[in-house]
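Structure record follows, encoded as structure tokens.
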Amino acid sequence: MASAMRVTAHLQCTGLASIRRGFSTAKLRHKYWSSATSRWHQNMDSTALGTLKNGEYFVSFNELILSHNFYSTDASATVQTLNETPVDSGEDENSEEEGALPELNKTNEIPDKKKRNLEDARREICEVLNKGEENMEETLTQLGIQITPHLVKTVMVRTSSPDSVLRFFQWAKLQPGFKHNTSTYDELVNLLGRSKDFETLQMILAEMSSARCSYSAKTFSFATVWHDDSDMLKNLTEIIEKLEFSPGRNAYEMLIAALCEKNRANAALGILDKMASSDCAPRAVTFRPLITLFCLNDQLDKVKLVFEMMKMKGCPPDSVTYNLVISKLCYRKRFAEAVEVLRSMVDNGCKPDAITYDLLIYAACKTRRVEGALELFDRMKEEGIKPMYLTYSYLLNVIFDARGFDEAHSFLIQQSGTDPNLDSSNYEYLIRICRRSGLQKEVHNLLTEMKAKDLKLLDDNLFEDSLHENDVRQAT
């Protein structure tokens, strides 16, 4: 415990550079981040790290997009597979356009409700709330406005009185066919937090969990202004400790994530210590926001200290955590250090996954270490790990650049025959490389091979465009 406290103190004293990039959410692109399977479970926790394409589909750490699901292993917060019904994430309201007419209540329990322009509806409701009359709820009902989560959130944002907002929130909860979602709960929690109404805040956090609306970093964004106010943070942690075990642990983790998003590492470390002293022991996912923050700030020395802290607290880094660090090193083209992290990963009993190898192969390809990339690829397959489609594109690209078309084509043939979709993807990628290099005869030959193997084009325009090129017509 003393060693852990020394590590924490060292991290808190060394300070942090300013971080300019915020965190946001994005859906991973199945086409570019698929493993060699027809269906990829897009769970940020179980599939480790997701990054977006940059240029020729190469990853860039600074374009790393994280959602709050990355920090949570709560089953209700994970991204669902295609055939599952997703848990309410609070984002549905984004599909409503400003000024659109709200949909009539399908239950028809109040048939005289009218469709209203969103802005008009918001203005009428806000007028009632700003008056704060004793019979406010009755007046709201008489307006006959069909409410939606988006409308409720818009009203809450535009209303200054916490008491009126709370009354409106509770009134909305009782309306036929309406149900609060994560977005409306987040708005209320932040309003209560900013107004320091801790008693009501505790009640709403417990209700939010019962309603199966998961906490996120947005839920606790109000706490970021208290990063240097130990009393306020203490009040908040006391509220969290009164929650049931699973929601309480998730709340601690989302509070740490919220503080890290605003570069409040010292406060996050303080919350982490408080969590460790409670019944909610930290786990690997708890440390990910700190690891991410230090990586984004190029403070890899602090990453090593956090790794030591994790081991001391009995939750050694997992593959997701290692991948964060490997991603940063690969982006900086520090390939030798990335390989050292891989060795450390294996020595500590953590098995590399498809993301780990993809990142390392990417780094090797960017530094034109063809043999190193191929050795990693062979090792990956020997361990029974299916490479991502994107991994093949890295290798095809670097082999073509370093050794020419024949070697790239030979690699493509060697990897063919197990997955038609993968074969189509690899053929199309090599065709694009050849077209950019002016090798029209090779383009035609590759298209002919695809046709002979009955491979379907993923890009329907690729074959048609190629047939209209003069060199291809001459080749036929």
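Can you compute the modelled spin-label distance between A452 and N130, with each label point 7 Å from Cα toward Cβ, in nm?
7.6 nm
Given a Förster radius of 22 Å and the C-beta distance between R368 and E340 as r, what FRET efficiency does 1/(1 + (r/R0)^6) yield to the nearest 0.05?
Approximately 0.65, to the nearest 0.05.
What figure in square angstrom, to the nearest 10, would you give for the accessible area of E371 with a 1.4 Å probe?
E371 exposes around 100 Å² with every protein chain in place.
Give me the percent of the accessible area of segment 365-445 that comes from carbon and sulfur atoms, probe 1.4 Å, all protein chains in place.
The value for segment 365-445 is 43 percent carbon and sulfur by accessible area.
Which percent of the accessible heavy-atom area of segment 149-205 goes to carbon and sulfur, probe 1.4 angstrom?
Roughly 52 percent of what the probe reaches on segment 149-205 is carbon or sulfur.
For segment 260-363, which whole-number percentage of the solvent-accessible area (1.4 Å probe, protein heavy atoms only) is attributable to carbon and sulfur atoms?
After summing per-atom areas, the C and S share lands at 46 percent.
Under a point spin-label approximation (7 Å from Cα along Cα-to-Cβ), what is the K242-K311 distance to one decimal in nm?
4.0 nm
In whole angstrom, how far apart do the alpha carbon centroids of segment 360-428 and segment 140-189 sit?
Centre-to-centre distance over Cα atoms comes out at 53 Å.
Run the quick spin-label model on D298 and D279: label points 7 Å from Cα toward the beta carbon, then report their separation in nm to one decimal.
4.6 nm
Just in segment 198-237: which trypsin sites (Lys or Arg not before Pro) are loop by DSSP and have at most 16 other Cβ atoms within 10 Å?
Sites meeting the loop and neighbour criteria: R212.
If R0 is 56 Å, what FRET efficiency do you get for M203 and R436 from their C-beta distance, rounded to 0.05?
0.35
For a quick check of understanding: with a 1.4 angstrom probe and all protein chains in place, what accessible area in square angstrom does H150 have, to the nearest ten?
30 Å²
The values are calculated or read from the model by the stated rules, or taken from the named source; none is laboratory data. Quick caveat, the model's predicted, so the values are computed rather than measured. Here the Cβ is made from the backbone with ideal geometry for all residues, glycine too, and neighbour counts use every protein chain on show. We work out accessible area using only protein heavy atoms, side chains counted, and drop any ligands, DNA or RNA first. Shrake-Rupley method; radii C 1.70, N 1.55, O 1.52, S 1.80 Å.
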